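Asks: Here's a structure for you.
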Amino acid sequence: MKEKSIQLVVFDLDGTLLNDRKEISNNSKHAIEELSKRDIKICLASGRHSSMMDIYSRQLTQCDYLISSNGSVLLDNVKNETIHGFFLDPNEAKNIVESCIINKLEFVVYKDTEIYFTDWSYFINNRIENYENLEAKHQVPASIETMTLSNLQNFQRIEKIAVYQIGEKEMRFLEDILDRLFLTKLENTGDRLFSFVHSSASKGEALKRLFLEAGLSSESTMVFGDYD
């Protein structure tokens, strides 16, 4: 049986491509460069917003595609174009935001071009500051446009709403919110971190869209990750 050649390699970031310092090692950069020399397409996949992935994609000699926000968005990184997006229903997104504000939860709203966060959240402010420090360290131009939640007026094209520092009480609030929604699901995406995304969004679904866009298949794709 003839072995199919690999044409696309997909890397998850946290827990896979990134080390404990949230950096891509020189060995990994070299390995990806070797793949690029063989005309193999490279895709990074993450729960992060695409602007938070720039710090990593720009360190690579080649990064063709990005799957961001838990698979909500598929980007052509070379053309800087959105290939496909599973955006939250605007009415449901507004419902989530208003409910999270009432319950004083720490959360962040990922839109396609901006990130909105609660000004009372030390945890989120600290995380954004860590990204900015990494950007400065690797001399990558800052690309994260962040605003406080009071600036959020339009609920179109919201990729995901991530809620932080979730305990038992906060989890009950999230489940109550979810009971009122029809086109949204809730995912555990980290330690005490949960995200509202479109019910059809996943990294796997985004990858299927990429196959159609690039004329590829699962047989010609290799995927690295730390979760099923």
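Asks: Give the residue from 13, 149, 32 lying farthest towards the positive end of the charge dipole for the chain; charges sit on Cβ (+1 for Lys and Arg, -1 for Asp and Glu) and the dipole is referred to the Cα centre.
Replies: Of the listed residues, the answer is 32.
Asks: Further question: Return the percentage of antiparallel bridges among DSSP beta bridges fully within the stretch 1-66, rounded to the nearest 5 %.
Replies: Taking every DSSP beta bridge within the stretch 1-66, about 10 percent pair in antiparallel fashion.
Asks: Can you pull out the trypsin sites (Lys or Arg not before Pro) in the stretch 164-219 that DSSP calls coil and that have at most 12 other Cβ atoms within 10 Å?
Replies: Here the trypsin sites (Lys or Arg not before Pro) that fit, given the DSSP loop and packing criteria, are 180.
Asks: Could you quote the convex hull projected area for the stretch 97-195, Cα atoms only and averaged over all directions, in nm²?
Replies: Here the figure is 6.8 nm², rounded to one decimal.
Asks: With all protein chains present, how much of the accessible area of the chain (probe radius 1.4 Å) comes from carbon and sulfur, to the nearest whole percent?
Replies: Carbon and sulfur together cover 46 percent of it.
Asks: While we're looking at this one, here's another question. Could you work out the Kirkwood radius for the stretch 1-54, taking every pair of different alpha carbons, averaging 1/r and inverting it, reported in Å?
Replies: The Cα-based Kirkwood calculation yields 12.5 Å.
Asks: Can you tell me the length gained on complete extension of the stretch residue 147 to residue 78, counting 0.36 nm per residue apart and subtracting the Cα distance?
Replies: Separation in residues times 0.36 nm, less the Cα-Cα distance, equals 22.2 nm.
Asks: Sticking with this structure for a sec: Using the C-alpha atoms of the chain, what convex hull volume per residue, in cubic angstrom, is computed?
Replies: Dividing the Cα hull volume of the chain by its residue count gives 136 Å³.
The values are calculated or read from the model by the stated rules, or taken from the named source; none is laboratory data. Computed from a predicted structure; not experimentally measured. Counting neighbours? That spans all protein chains shown, and the Cβs are built from the backbone with ideal geometry, glycine included. Please note that ligands, DNA and RNA were not included when accessible areas were found on the heavy atoms of the full protein model with its side chains. Shrake-Rupley method; radii C 1.70, N 1.55, O 1.52, S 1.80 Å.
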